[in-house]
There are 2 protein chains.
Amino acid sequence: MGVFCCGLITGHAQEALRVNQDRLQGTLETLATYGKDASGQPNRVAFSDGDIQGRAYVAGLMKQAGLQVRTDAAGNLIGTRPGTVAGLKPLGLGSHIDMVPHGGNYDGCVGSLAAIEVARVLQENQVQTRHPLEFIIFSNEEGGVMGSRAMAGALKPEALQVVNSTGYSMGQGIQRLGGDTTRLQEAIRPKGSFAAFLELHIEQGGILDREGEDIGVVEGIVGLRWWDVTVKGMANHAGTTPMGLRQDALLAAARFIQAVNEEAKGMDGKQVATVGRIAAYPGAPNVIPGEVVLSLEIRDLSDAVIDALYERILERASAITQDSGTTFAFEALDTTGKPALTDPRIQQTIQEAADALGLSRRNMQSGAGHDAQDMALIAPVGMIFVPSNGGISHSPEEYTSREDMAHGADVLLHTLLLLDQSWD
Amino acid sequence: MGVFCCGLITGHAQEALRVNQDRLQGTLETLATYGKDASGQPNRVAFSDGDIQGRAYVAGLMKQAGLQVRTDAAGNLIGTRPGTVAGLKPLGLGSHIDMVPHGGNYDGCVGSLAAIEVARVLQENQVQTRHPLEFIIFSNEEGGVMGSRAMAGALKPEALQVVNSTGYSMGQGIQRLGGDTTRLQEAIRPKGSFAAFLELHIEQGGILDREGEDIGVVEGIVGLRWWDVTVKGMANHAGTTPMGLRQDALLAAARFIQAVNEEAKGMDGKQVATVGRIAAYPGAPNVIPGEVVLSLEIRDLSDAVIDALYERILERASAITQDSGTTFAFEALDTTGKPALTDPRIQQTIQEAADALGLSRRNMQSGAGHDAQDMALIAPVGMIFVPSNGGISHSPEEYTSREDMAHGADVLLHTLLLLDQSWD
C-alpha cells in the first residue's frame, strides 16, 4: 500500500496510468455526429449550429470528468481542476473542435478530446496535481486562431467584422458561443499566467506516417508571410505578334514559379515556398497575357530564413525582368504569422514521456498554424504530434488510428504529470 | 485624246488614277460615329443598332458610287457594277465593318471603305472594267467570319444558335441585318464563282510600322488550333508538405508554359504558340494546387508545322510528368481554322502595283483570321496589309494614318485594274 496515500496514487503507480483508447475513440465518433452538411460530410464550421452542439457535448464530457466549466468572453470553453499547492500557476492543455468547411474529424478534435480523456484518467485514479489545470477548447481556430489570439491579447478589433462561411461575423459568432464582445478584455490572460501550455494535434503532414513513427516532438510552429505578386507585360494578339516580340506576362510568371521552387529547395533547411493562386489577364486563349497576379507564401521557423529566401526570390524576379520586357511588383499582405518556438525543456519532457512509454519519436516542426502559436506569446508551450494517414488534412479523408490517438494522449498525460512534478 | 475612247479612260491614263485620301478619311470618320458605347468608345458589334446604322451609311455610299446594292440571305451587303466582256466572272473586293466589343475604327473599316473609294474613283473617271465587280461588306466577321463562311458554304447550322455580346444569336442577327435564315442556301457562291477576291486590311501586328514599310503582300492566313490542357497533381497543405514531397500542378504547368515557348521558338519559321488562359485549383495561397487547366493555341501557315510543333510540345509535357508526379491531358477544341494560302499570281500583281506606285512593300503572313480566309475556299484571293500604329488592334487605340490608308487603297485599285486587264 506504500505507493498509495490518502486514496491518491503517486510516484511509480502514476507511471502505469494509461488513457482509455476505446473511450477516446468513442468520444471522437460521437463528436463527429455534430455538424454535418446535407450530404453527411463533416462541416462543423465555427459559429454554426453544429459547432454550438459539439461544444455542448464537449462541455458535458468536461463536467463528467469533474471539471468546473465556463465560457470566457472570447467564447473559449474552459474546464478547471484545482491543484494542491497554493500559488502555483495553472498548467493548460487543449485544442479546438471547429473545422474548415468540409474538413475532417481529427484536426483539433483529437487534441481536445485527448485533453478531456486525460482529465477522466486523473479523476478515475484520483490523481491530484500540484498545479491547477485548465482544459481549454479554443473558439474558431480555423478562422484565424480567434480564441487563443484573444486569450493572448493579440486579437485585432477589426477581426470581429470578418465573416466566415456560416454568414456570421466573428463578433456575432462570439455572442452565439456564449462569449461577450463588450468584455473581451476579460478573456486576456497576461504573459506569465500559465506555468505551461500543451497541445496535442494530428501532424497534418505525411512525415510520421511515412517514417512509421509514433510521436512528433514539435520544435516550433513556422511563421508565414504572404505577398501578392503582379507581373506586367503587354497584352497582344496571339496570331499577329511574333514570338520574339512578345512581352508575355504569363511566360514571365511561369519562370518565376519555377524560380520560387528552385530557391526554396536550394537552401538548407525545411523552409517552404508556394504559389497557390494565379490569374492571367485578359485570360483568352488568343491573347498574350498582359498581366498576371499570383500569390507567394513562404514559411519557416526562422524569420531570418524567410527574409533570406524572399531576397533570393526577389533577385530571381529581377533577373526575369531583364530579358522578358515585364515588370514585377510585390505587395506584402497583412496575413502574417510570426514563428513560435516551443520551450526546449518541454520538448525534453515530451521526449522522456514518449521514451518511458516505449514509443518512437522524432523532432519536427509544425508547418501549420495552431492555437499553441498564440499561447506561446504568454506561456512556455509544448506540442505533440500524432500521425495523419497519408498526410491528408482539411479533408473528410483525414484519419488517425485509435492506437495512434491513444499513444499521443498517453504522452500528453505523462508530459503533464512530469511537468506538474518538476516545475513550479 | 488618243488614250480616251468613248468617254472612258484606258491604258496609261489609268495608271495615273489615285484614290481621294481626304474622302476616304472622311468616310472612315463618319462611319466611326455609328455604334459607340455609353462612354463614347467604339462598340459596333455585329447585329447591334450601331451595326445596322453603319451598314445603312455604307449602303448609301455604295449607291453614290453607282453600285447596285442588295443584301444576301446571310446579311452580306453587296454592291455590283457591270463589266464590259460577257461571260467573265466577277472580281470581288471588300471586308467588314463590325467590330469586337470595345474594338477600334480601322479593323475591317479601312478595307471596306477603301473598296467603296475604289468604286467612286472608277465612277468619277468613267472607267469600265472587263469583269463585273462585286463590292462586299461581310456580315459579322468578328463573330466567326459568319458572312464569308456562309458565302463559301461552310457555315455550320449550329452556329446560328451562338449568341454574341448584343444578346442576339447569329440567326436572329441575320434577320436583323435583312438576311433570311430560311434561304441561307441562296447566299452560297459555288467554287469558281469569282475570278478573284481582294481584301485590304490593317496589319494588326507591328511589323510594317516598325520596319517603316507601306504595304504588306500577304502570303497566307495562318491556321489555328486550340487545346485545353489539364494538369493534375495533388492538392495539399502548403505548410506541412515538404518541398520534396509535392505534386504541384502549377509548378508542372509553369514548366509546360516555358516548354511551349521554347519549342515554338526552337523551330525555323514563323509559327506561334500561346498559353493565354490559366486556372489553378483550389486556388488558395496556402494550398498546393492539385489541378491546373490552361489553353494552348498554335498558329501557322502550314498544317504540317502545327502538327510538328504540337508533337514536340506533347513530348515536353511527357518529360515533365516523369519527375513531377503530375499528369497532362490534352483536349482538342472545335475552334480551329485551316491555313489559307493566297494566290501567288495575285501576290505578284500586288507587288507590281505597289512598285508602280513607288511604295515599299514586304511579303508577310497574316496571323489573324479574315474574310479572305473563307473566300479562299471558293476563289483565288489576295490580301493587302497597311501599317497598324504600334501593332495595336482590337482596341480603341487602333490607328492607321490617312496616308497609309490611301496607299493601301491605291494598291487595291491598281491590283484590281491589273487583274481585270490580264485575267479572264
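The values are calculated or read from the model by the stated rules, or taken from the named source; none is laboratory data. A quick note: this is a predicted structure, and the numbers were derived from the prediction, not measured. Note: ideal-geometry Cβ built from the backbone for every residue, glycine included; neighbour counts use all protein chains shown. Ligands, DNA and RNA are excluded from the accessible area calculation, which covers all protein heavy atoms including side chains. Shrake-Rupley method; radii C 1.70, N 1.55, O 1.52, S 1.80 Å.
What ³J(HN,Hα) values, in whole Hz, does the Karplus curve 6.51 cos²θ - 1.76 cosθ + 1.60 give for the range A:12-24 when θ = phi - 60°, with x put for Gly and Pro?
Calculated HN-Hα couplings, in order: 4, 4, 4, 4, 7, 5, 9, 6, 8, 4, 5, 5, 4 Hz.
Taking the 0 to 90 degree range and rounding to the nearest ten, how far is the long axis of helix B:249-266 tilted relative to the main principal axis of chain B, both from C-alpha atoms?
That works out to roughly 40 degrees.
Averaged across A:203-216, how many Cβ atoms of other chains sit within 10 Å of each residue's Cβ atom?
2
Which whole number of Å³ per residue matches the convex hull of the alpha-carbon atoms in chain B?
149
Placing unit charges on C-beta atoms (Lys and Arg positive, Asp and Glu negative, everything else neutral), compute the dipole magnitude of the range A:283-347 about its Cα centre in debye, rounded to 20.
Dipole about the Cα centre, nearest 20: 180 debye.
May I ask for log10 I(q)/I(0) of the range A:145-271 at q = 0.14, 0.19, 0.20, 0.22 Å⁻¹, from a Debye sum over the Cα atoms as equal point scatterers with solvent left out?
-0.97, -1.14, -1.18, -1.26
Give the carbon-plus-sulfur fraction of the accessible surface of chain A in %, rounded to a whole number; probe 1.4 Å, heavy atoms of protein chains only.
49
Would you calculate the volume per residue, in Å³, of the smallest convex hull containing every Cα atom of the range A:223-332?
Hull volume normalised by residue count: 85 Å³.
Once the dipole of chain B is set up with Lys and Arg at +1 and Asp and Glu at -1 on Cβ about the Cα centre, which of B:L198, B:Y310, B:I215 lies farthest towards its positive end?
With unit charges placed on the Cβ atoms, the residue in question is B:L198.
Could you derive backbone 3J(HN,Hα) for the range A:288-303 from the dihedral phi with the Karplus parameters 6.51, -1.76 and 1.60 (θ = phi - 60°), listing whole Hz in sequence and x where the residue is Gly or Pro?
Calculated HN-Hα couplings, in order: 5, x, x, 8, 10, 10, 9, 9, 10, 10, 10, 10, 6, 6, 10, 4 Hz.
Let's see if you can work this out: charge +1 on each Lys and Arg Cβ, -1 on each Asp and Glu Cβ, no other charges. What is the dipole magnitude of the protein assembly as shown about its Cα centre, in debye to the nearest 20?
Dipole size: approximately 1080 debye.
What number, in percent, do you get for the relative contact order of the range A:223-332 if the mean sequence gap of Cα pairs under 8 Å and at least 6 apart is divided by its residue count?
Here the relative contact order equals 43 percent.
Work out from phi, with θ = phi - 60° and the Karplus expression 6.51 cos²θ - 1.76 cosθ + 1.60, the ³J(HN,Hα) of each residue of the range B:203-215, listed in order in whole Hz, and give x for Gly and Pro.
So the J values, rounded to whole Hz, are 5, 6, x, x, 6, 4, 4, 5, 8, x, 10, 7, 9.
Between the range A:288-324 and the range A:183-237, what is the C-alpha centre distance in whole Å?
About 21 Å separates the Cα centre of the range A:288-324 from the one of the range A:183-237.
Could you list which residues have their amide H under 5 Å from that of B:F197, counting only those 5 or more apart in sequence or on another chain, with H placed in the peptide plane?
When sequence neighbours closer than 5 places are left aside, the close amide H contacts are B:G92, B:V381, B:G382.
Less than 20 Å apart at the alpha-carbon level, and either on another chain or at least 8 residues along: which aspartates and glutamates does that give for B:K191?
B:D72, B:E134, B:E199, B:D343, B:D371, B:D374, B:D420, B:D424
So who's got an amide H within less than 5 Å of the one on B:V386, skipping anything under 5 residues away but keeping other chains? H placed 1.01 Å off N, in plane.
Under 5 Å from the amide H of B:V386 lie the amide H atoms of B:H201, B:I202, B:E203, B:G216, each far enough along the sequence or on another chain.
Report the calculated FRET efficiency for B:E352 and B:N125 (r = Cβ-Cβ distance, R0 = 30 Å), to the nearest 0.05.
0.90
Using the heavy atoms of the protein chains and a 1.4 angstrom probe, tell me the accessible area per residue for the range A:223-332 in square angstrom.
With the other protein chains kept in place, the range A:223-332 gives 37 Å² per residue.
Relative to the other copies, what are the label-point distances for A:E29, with labels 7 Å from Cα along the C-beta vector, expressed in nm at one decimal and sorted shortest first?
Copy-to-copy label distances for A:E29: 8.5 nm.
If I take R0 = 60 Å and measure r between the Cβ atoms of B:S302 and B:R183 in this structure, what FRET efficiency does the formula 1/(1 + (r/R0)^6) give, to the nearest 0.05?
0.95
Among A:H370, A:V292, A:A46, whose Cα lies farthest out toward the positive end of the dipole of chain A, if unit charges sit on the beta carbon of Lys, Arg (+1) and Asp, Glu (-1)?
Comparing the listed Cα positions along the dipole, A:A46 ranks first.
Would you please put B:169-180, B:317-328, A:406-417 in order of how densely packed they are, using the mean number of other Cβ atoms within 10 angstrom per residue and starting with the highest?
With the highest mean Cβ count within 10 Å placed first, the list reads A:406-417, B:169-180, B:317-328.
Whole Å is fine, so just give me how far the alpha carbon centre of the range B:74-150 lies from that of the range B:20-60.
Centre-to-centre (Cα) distance: 16 Å.
Take every residue in peptide B:253-262, count the Cβ atoms of other chains within 10 Å of its Cβ, and give the average of those counts.
The per-residue average across the peptide is 5.
From the convex hull of the Cα coordinates of the protein assembly as shown, what is the mean projected area in square nanometres?
40.8
If packing is taken as the mean number of other Cβ atoms within 10 Å per residue, what is the order of A:69-75, A:293-299, A:183-189, highest first?
Going by the mean number of other Cβ atoms within 10 Å, highest first, we get A:293-299, A:69-75, A:183-189.
I'd like the mean, over residues of A:278-289, of how many other protein chain beta carbons sit within 10 Å of each residue's own Cβ.
Average per residue, whole number: 6.
As a test of the definition: with a 1.4 Å probe, what buried accessible area, both sides summed, do you compute for A against B, in Å² to the nearest 100?
It comes to approximately 4000 Å² buried between A and B.
Need the full-extension length gain, B:E158 to B:A279, defined as separation in residues times 0.36 nm minus the C-alpha distance. One decimal, nm.
So the chain would gain 40.7 nm between B:E158 and B:A279.
List the residues whose amide H sits under 5 Å from the amide H of A:D98, counting only those 5 or more places along or on another chain, with H placed 1.01 Å from N in the peptide plane.
A:N140, A:E141
Which residue, A:Q185, A:N261, A:L224, has the largest displacement toward the positive end of the dipole of chain A when charges sit on each Cβ (Lys, Arg +1; Asp, Glu -1)?
Highest projection toward the positive end goes to A:Q185.
Residue of B with Cβ nearest the axis relating B to A, plus distance in whole Å?
B:A254, 2
I'd like the per residue volume of the convex hull spanned by the Cα atoms of the range B:1-135, given in cubic angstrom.
Expressed per residue, the convex hull around the Cα atoms of the range B:1-135 is 109 Å³.
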